[in-house]
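Below is one structure, written out as structure tokens, with a few remarks after it.
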Amino acid sequence: MAFEQLRSAPVPDESGVYVVFRPSLAAPDFLDTSPAGWRGTRNPTVRIEQLAAKWVRGAHVIYIGKADAGAASRHGLRGRLRQYVRSGAGSSGHWGGRYIWQLQDSSSLLVAWRTTPGVRPIRAEAELIDEFVLRHGKLPFANLRKGDRS
């Protein structure tokens, strides 16, 4: 599903994992400045050279994230994904995965999710990231570390 459709989509409130998918395998063009919101005094914009070095050729998946519906987090998948979309429009609610907003074609990105009943989202996210690293030799483009909290 396209990010822009998330506002009206029936995304579940449960805990789960999600992936951001780029349909094209062509080398990306990057924006000089991120449209994502600052987080306090932290600027989401990174140098184009840094983005290019992080790019994973041959991978459609460019970010893997999680959403915990537990009392401490207040976010199920619906809340977390909507927060992510708002961050790309200038809100500061979602810092992890911010590199996607410097992609020239970020409006064409897709997102998919699954609930994780009986499995903690952090574990499901780690398994997906491990599988990605096994296949591609490094983390997805917008994951800055395993269990992204950057």
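The values are calculated or read from the model by the stated rules, or taken from the named source; none is laboratory data. Since the structure is predicted, the reported quantities are computational estimates derived from the model, not experimental observations. Because the Cβ atoms are built from the backbone with ideal geometry, glycine has one as well, and the counts that use them run over all protein chains shown. Heavy atoms of the whole protein, side chains included, go into the accessibility calculation; ligands, DNA and RNA do not. Shrake-Rupley method; radii C 1.70, N 1.55, O 1.52, S 1.80 Å.
The distance between label points at residue 49 and residue 110 comes to 3.6 nm (points 7 Å beyond Cα on the Cα→Cβ vector). If the chain between residue 2 and residue 27 were fully stretched, how many nm would it gain, using 0.36 nm times the residue separation less the Cα-Cα distance? Residue separation times 0.36 nm, minus the Cα-Cα distance, leaves 7.0 nm.
Within the listed set 118, 76, 65, the Gaussian network model of the chain (springs between alpha-carbon atoms below 10 Å) gives the highest mean-square fluctuation for 118.
Which whole-number value in Å² is the accessible area per residue of the chain, probe 1.4 Å? Display every interim value, and only then the final one.
Working: 7860 Å² over 150 residues.
Ligands and nucleic acids excluded, the figure is 52 Å² per residue.
Run the accessible area of the chain with a 1.4 Å probe and give the carbon-and-sulfur part as a rounded percent. Write out the running numbers ahead of the final one.
Numbers: 4010 of 7860 Å².
Ligands and nucleic acids excluded, carbon and sulfur give 51 percent.
The distance between label points at residue 127 and residue 57 comes to 3.2 nm (points 7 Å beyond Cα on the Cα→Cβ vector).
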